[in-house]
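Step one of this worksheet: look at the structure below.
The values are calculated or read from the model by the stated rules, or taken from the named source; none is laboratory data. As the structure is a prediction and not an experimental result, all values here were calculated from the model. FYI the Cβ positions are ideal-geometry reconstructions off the backbone, even for glycines, and counts take in every protein chain you see.
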Amino acid sequence: MTFYTPDAVQGGRAGSRTIRSQKEGLWSRVKPTMVNLSGLRLAMDRRGIRADMTQAYADSAGRSDRGVKTLLLRYDGQGWRIQREDWAPEAPAR
């Protein structure tokens, strides 16, 4: 959780403590078995740096998905931390 700002937002969760609590509960039941990131793109944003990438995910219950992960990174005086994290499913191929 040291990679997140204290006021980070992830999906509908606000604050690194809330994010941590949700992940601990989830991962106590179902663990990630694969997280693959590819196609990293970085862009300056008025609030920091935006990082977009494709994420392929699988878990121990056999579920998997693929989508676009977007991080807003903010410099806190010591390093770059995640201020916001969003995920959207990849559009189906035509």
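Identify, from the list 8, 43, the residue that is assigned to a strand (DSSP E or B), touching a residue at least 12 places away in the same chain (Cβ under 8 Å) and in contact with a strand residue (DSSP E or B) (Cβ under 6 Å, 6 or more places away or on another chain).
Criteria check complete, one pass: 8.
So if I check each of 66, 13, which one is at pLDDT 95 or above and within 14 Å of the chain's Cα centre (by Cα)?
Of 66, 13, the one residue that is at pLDDT 95 or above and within 14 Å of the chain's Cα centre (by Cα) is 66.
Filter segment 53-67 down to the residues that are under 26 Å from residue 80 (Cα atoms) and exposed (fewer than 14 other Cβ atoms within 10 Å of the Cβ) and list them by number.
If the condition is that a residue be under 26 Å from residue 80 (Cα atoms) and exposed (fewer than 14 other Cβ atoms within 10 Å of the Cβ), then 66 is the only one that fits.
Of all residues being surrounded by fewer than 12 Cβ atoms within 10 Å (Cβ to Cβ) and touching a Lys or Arg at 6+ places or on another chain (Cβ under 7 Å) in segment 16-52, which is modelled with the highest pLDDT? Just the residue, please.
Ranking the qualifying residues of segment 16-52, first place goes to 43.
Looking at 78, 55, 83 in this structure, which one is assigned to a loop (DSSP other than H, G, I, E, B) and modelled with pLDDT of 90 or more?
78
Tell me which residues, restricted to segment 20-40, are in a strand (DSSP E or B) and of a type outside the set (Val, Ile, Thr).
32, 34, 36, 37, 38, 39, 40
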